[in-house]
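First the structure, in the form of structure tokens, and then the observations on it.
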Amino acid sequence: MGCNMSLPEKVHFFLTGEVGSGKSTVLNKTLAMLAVSYGGFKTYFGDDRASPDKKLYINQAALPPRFSEQHIAAHFREGKPPAPVLDAFNILGAGYIKNARENSCIIVMDECGTIEKDADMFKKEVLNALDDDKPVLGVLKLRASGWAEKIRNHPKVNIITVDEVNRDSLPQLLYKTLATIIGSKL
């Protein structure tokens with residue numbers, strides 16, 4: 001599908017909510033309905049998600065998860081704050097966003113929060129994308145502060161809280177809104 005833009009004032013949508021509320025599910029269902037090219041990044045845990053000692057991974061949004069050392073974005077250890085792998089954010093994550101800005105109809109950012117607070121190149125690419133008019137569909141950690149406030153308060157960003165009441169209807173609503181923004185004939 002083409003990427004002809006018809007631009008309202010707020011073209012970016014970040015989902016937020018409690019852990020397990022369905023934010024990433026809403027994002028994935030919306031992307032499936034849109035059936036347009038998308039890029040950007042997704043972060044995810046492996047099979048050890050329930051363990052206090054686990055790894056967070058990052059990969060291109062349109063590709064399946066990769067559980068290699070190269071894709072580790074942070075280490076979680078019991079009783080310690082997460083230890084980010086800044087190169088994963090600054091090289092991989094920033095590159096995925098830049099590539100999506102140049103080659104995709106929608107930029108996916110799943111998820112932004114506090115772990116990447118010291119990844120300056122990554123944060124710069126996120127904010128550059130928000131300054132543009134290519135739609136962003138992302139997830140923002142509910143209680144993220146610091147640099148995440150720049151996302152939350154950006155004039156082109158809509159923040160949508162996902163909960164049990166709206167999570168089933170949100171994909172259709174986002175689909176209609178984003179289809180209009182990208183000018184696709186869906």
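The values are calculated or read from the model by the stated rules, or taken from the named source; none is laboratory data. Computed from a predicted structure; not experimentally measured. For neighbour counting, all protein chains shown are included, and Cβ atoms are generated from backbone atoms with ideal geometry for every residue, glycine included.
Computed values, structure above
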quantity	calculated
Matching residues in region 152-186 - criterion: being among the hydroxyl-bearing types (Ser, Thr, Tyr) and in a helix (DSSP H, G or I)	Tyr175, Thr177, Thr180
Complete set of residues in region 98-129 that are out of contact with any strand residue (DSSP E or B) (no Cβ under 6 Å at 6 or more places or on another chain) and aliphatic (A, V, I, L, M)	Ala119, Met121, Val126, Leu127
Number of the condition not met by Lys98 [criteria: (1) charged (D, E, K, R); (2) closer than 27 Å to Asp163 by Cβ; (3) modelled with pLDDT of 95 or more]	(2)
Subset of region 75-119 [part of a loop (DSSP other than H, G, I, E, B) and within 17 Å of Leu130 (Cβ to Cβ)]	Ser104, Cys105, Gly113, Glu116, Lys117, Ala119
Number of the condition not met by Glu18 [criteria: (1) among the acidic types (Asp, Glu); (2) under 19 Å from Lys117 (Cα atoms); (3) not in a helix (DSSP H, G or I)]	(2)
Test: residue in region 133-151 that is surrounded by 13 or more Cβ atoms within 10 Å (Cβ to Cβ), part of a strand (DSSP E or B), among the β-branched types (Val, Ile, Thr) and in contact with a helix residue (DSSP H, G or I) (Cβ under 7 Å, 6 or more places away or on another chain)	yes
Residue selected from region 152-163 under the condition in contact (Cβ under 8 Å) with a residue 24 or more places away in the chain and among the polar types (S, T, N, Q), by the criterion surrounded by the most Cβ atoms within 10 Å (Cβ to Cβ)	Asn158
Candidates Met121, Met109 - the one that is at pLDDT 95 or above, aliphatic (A, V, I, L, M) and farther than 27 Å from Thr180 by Cα	Met121
Within region 164-177, tally of residues that are under 20 Å from Val19 (Cβ atoms), in contact (Cβ under 8 Å) with a residue 24 or more places away in the chain and surrounded by 12 or more Cβ atoms within 10 Å (Cβ to Cβ)	3
Filter result for Lys124 (surrounded by fewer than 18 Cβ atoms within 10 Å (Cβ to Cβ), at negative phi and assigned to a helix (DSSP H, G or I))	yes
Filtered residues of region 37-47 (kept if surrounded by fewer than 17 Cβ atoms within 10 Å (Cβ to Cβ) and either within 20 Å of Ala129 (Cα to Cα) or touching a residue at least 40 places away in the same chain (Cβ under 8 Å) (or both))	Ser37
